[in-house]
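Undergrad: Below you will find the structure I want to go over with you.
Values quoted throughout were computed directly from the atomic coordinates according to the rules given, and no laboratory measurement underlies them. Quantities reported herein were computed from a predicted structural model and do not represent experimental measurements. Counting neighbours? That spans all protein chains shown, and the Cβs are built from the backbone with ideal geometry, glycine included.
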Amino acid sequence: MPKQQKPQLDKFAIAAALQEIAALMELKGGPYRFKAKAYNAGARSIQAVENLDQLVAQDRLTSLPRIGDALASQIRQLYLTGESSVLKDLKEEFPVGTAEL
């Protein structure tokens, strides 16, 4: 069994990042509105989970309600690195502070 990596973010910080992604997707509009709903639902699932460490280590994030492959990939990135490629790309499209509006 591989050694479990220390998380870079806890479940609340991961949920906050997912909510920020959702807010920026809402601003993009169009088909991104549906993705935004998925990210918000995923954030709620992550906040409610008790065993995030175990789910990441066993690659079982998709066993959570409302977590698909794409969302699981972002959660894993956030957990292991503290960063999200999707969030980074979205932040590059909007001025600083846009998500807070």
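Undergrad: Return, ordered by residue number, the residues of the range 48-89 whose backbone nitrogen is under 16 Å from a label point located 7 Å along Cα→Cβ of Ala41.
TA: Answer for the range 48-89: 48, 62-73.
Undergrad: Output the 0 to 90 degree angle, nearest 10, between the alpha-carbon long axis of helix 69-81 and the longest principal axis computed from the alpha carbons of the chain.
TA: Orientation of helix 69-81: about 70 degrees from the principal axis.
Undergrad: What relative contact order, as a whole-number percentage, does the range 11-91 give when Cα pairs under 8 Å and 6 or more residues apart are counted?
TA: Details: 75 pairs, mean separation 25.8, N = 81.
Once normalised by length, the contact order is 32 percent.
Undergrad: Show me, for the range 29-43, the HN-Hα J-couplings you get by feeding each phi into the Karplus relation (A = 6.51, B = -1.76, C = 1.60, θ = phi - 60°), rounded to Hz, glycine and proline as x.
TA: Each residue's phi maps through the Karplus curve to give x, x, x, 5, 4, 5, 5, 4, 4, 5, 5, 5, 5, x, 4 Hz.
Undergrad: Along the three principal axes, how long is the chain when you take its alpha carbons, biggest first, rounded to the nearest angstrom?
TA: Principal-axis extents of the chain (Cα, largest first): 42, 24, 19 Å.
Undergrad: Is it possible to state the helix-based mean residue ellipticity at 222 nm for the chain, with each DSSP H run of 4+ residues giving -39500 (n - 2.57), the sum divided by total residues, to the nearest 500 deg cm²/dmol? What is it? List each step's numbers first, then the result.
TA: On the way: 5 runs with 63 residues, N = 101.
Using -39500 (n - 2.57) per qualifying helix, the result is -19500 deg cm²/dmol.
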